[in-house]
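Asker: Pasting a structure below so you can have a look.
The values are calculated or read from the model by the stated rules, or taken from the named source; none is laboratory data. None of these values were measured; they are calculated from a predicted model. Don't worry about glycine lacking a Cβ; one is built from the backbone with ideal geometry, like all the others, and counts go over all protein chains shown.
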Amino acid sequence: MNTPCILVTGVGAIIGQGIIKSLRMENRPVRIIGIDRNPDAFGAHHCDVFHTKPENENGTGYLSFLEGIIEKHGIDLILPGIEHDVFYFQTHRHYFKKLRALPVLNNYELIEIARDKWKTARSLIETGIQVIPGIISDSWQQCVSELGPPPLLMKPRHGNGSRGIQQLNNEQDFEYWKNNTSDTFMIQRIVGTDDQEYTASIFGFGDGDSTIPIIFKRKLSQDGSTLSAKVVQDQSISDFINRLNTHFKPIGPTNYQFRKESEFTYLLEVNPRISSATSFRAAFDFNESWMCIDYFINGIRPNPEPKQAGMAVRYTEDWIEYK
């Protein structure tokens, strides 16, 4: 079997770096071509070849840049390391069909639904799945009337992690953030506590079936990425994932985030892509990056057996280079 050549985008970001780390974990040959806007991106040092991408990532120039990289290096597969690229590749799916390398993209409809947390919740309600009580309203009185007393959460409908989420303790908070939020927003009741957060990932096959999930109970960093994680077995979350898979029919790496309250499990968001804890999962024998290579290049259906116990902690390190 030939050595696969993989293009990883956003190698300066936490997901891109996690993809590279995951690809290097296994004793299998791989050639990694990395790109990032920042020429000093840390992930560049762990690629076989690195290219700085154009400043304007929305124009046709970016497509021409990518096509040149694909042809020059004989790229076999593209793994997006930032959410922006997932959406960009989603918009230009037709363009990549004429090239030798496709980006790893989930179910088209799922990507579109998951871009908007309000649409995600409405989609689940239609199938009878319980969601966190929420409302779209410009009236504090209506929010309190329908959701109960504060604190409540103002959550951007777009974006991921904890970015832009504000806790509202009173009407003054509501009015301030309503007038100082650039994105459209929704108001939700707060469910559970910070120590009842879970992140779970599967590899979907497009028909509602998937690998078994790997489930972490986690603690978050300030930007909403996973700071530490403990492997857990939780049947209620596994059952919930089966219902979500049946509804969304994901293809490839898919991440679900949950929070528990009493006997209820609530979905926080869907990330229809590789997410920030990917290197954690790879360390527990759930290597999404290599699953993508096996499935999308080699036609092998992944069947991982992740480790059933253990924990992982993310920490900060320095990269020093003397010249």
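Conditions (1) of a type in the set (D, E, K, R); (2) more than 24 Å from Gln235 (Cβ to Cβ), marked per residue:
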residue: His247; (1), (2): no, no
residue: Tyr266; (1), (2): no, no
residue: Ile300; (1), (2): no, yes
residue: Lys307; (1), (2): yes, no
residue: Val313; (1), (2): no, yes
residue: Trp319; (1), (2): no, yes
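Asker: Looking at region 191-229, which of its residues are assigned to a loop (DSSP other than H, G, I, E, B) and hydrophobic (A, V, I, L, M, F, W, C)?
Answerer: Selection gives Val191, Ile212.
Asker: Out of all the residues in region 263-297, which are over 12 Å from the mean Cα position of the chain (by Cα), in a helix (DSSP H, G or I) and among the β-branched types (Val, Ile, Thr)?
Answerer: Ile293, Ile297
Residues are listed down the side, and each one gets a yes or a no for (1) part of a strand (DSSP E or B); (2) free of Cβ contacts under 8 Å to residues at least 12 places away in the same chain; (3) buried (at least 23 other Cβ atoms within 10 Å of the Cβ); (4) touching a Pro at 6+ places or on another chain (Cβ under 9 Å):
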| residue | (1), (2), (3), (4) |
| --- | --- |
| Thr3 | no, no, no, yes |
| Leu7 | yes, no, yes, yes |
| Val11 | no, no, yes, no |
| Gly18 | no, no, yes, no |
| Arg24 | no, no, no, no |
| Ala44 | no, no, no, no |
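Asker: Right, here's the next one. Got a sec? Which of Thr254, Thr278 is under 30 Å from Glu126 (Cα atoms), out of contact with any Lys or Arg (no Cβ under 6 Å at 6 or more places or on another chain), modelled with pLDDT of 95 or more and of a type in the set (S, T, N, Q)?
Answerer: Thr254 is the lone residue from the list that is under 30 Å from Glu126 (Cα atoms), out of contact with any Lys or Arg (no Cβ under 6 Å at 6 or more places or on another chain), modelled with pLDDT of 95 or more and of a type in the set (S, T, N, Q).
Rundown of residues vs (1) crowded, with 19+ Cβ neighbours inside 10 Å; (2) touching a Leu at 6+ places or on another chain (Cβ under 9 Å), yes/no style:
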position: Leu168; (1), (2): yes, yes
position: Ala200; (1), (2): yes, no
position: Thr211; (1), (2): yes, no
position: Val232; (1), (2): no, no
position: Gln235; (1), (2): no, no
position: Asn242; (1), (2): no, no
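Asker: Turning to a different aspect of this structure: What's the total number of residues in region 94-118 that are surrounded by fewer than 15 Cβ atoms within 10 Å (Cβ to Cβ) and either at pLDDT 95 or above or touching an Asp or Glu at 6+ places or on another chain (Cβ under 7 Å) (or both)?
Answerer: 3
Asker: What are the residues in region 244-262 that are among the polar types (S, T, N, Q) and either surrounded by 15 or more Cβ atoms within 10 Å (Cβ to Cβ) or within 14 Å of the chain's Cα centre (by Cα) (or both), if any?
Answerer: Asn245, Thr254, Asn255, Gln257
Asker: Still on this structure: Checking the condition more than 21 Å from the chain's Cα centre (by Cα), surrounded by fewer than 20 Cβ atoms within 10 Å (Cβ to Cβ) and not in a helix (DSSP H, G or I), which residue from Gly128, Gly159, Gly164 passes?
Answerer: Of Gly128, Gly159, Gly164, the one residue that is more than 21 Å from the chain's Cα centre (by Cα), surrounded by fewer than 20 Cβ atoms within 10 Å (Cβ to Cβ) and not in a helix (DSSP H, G or I) is Gly128.
Asker: Examine region 200-211 for a residue that is of a type outside the set (Asp, Glu), closer than 22 Å to Ile14 by Cβ and free of Cβ contacts under 8 Å to residues at least 24 places away in the same chain, and state whether such a residue exists.
Answerer: no
Asker: In region 226-259, which residues are in contact (Cβ under 8 Å) with a residue 40 or more places away in the chain and among the β-branched types (Val, Ile, Thr)?
Answerer: Answer for region 226-259, where residues must be in contact (Cβ under 8 Å) with a residue 40 or more places away in the chain and among the β-branched types (Val, Ile, Thr): Thr226, Val231, Ile241, Ile251, Thr254.
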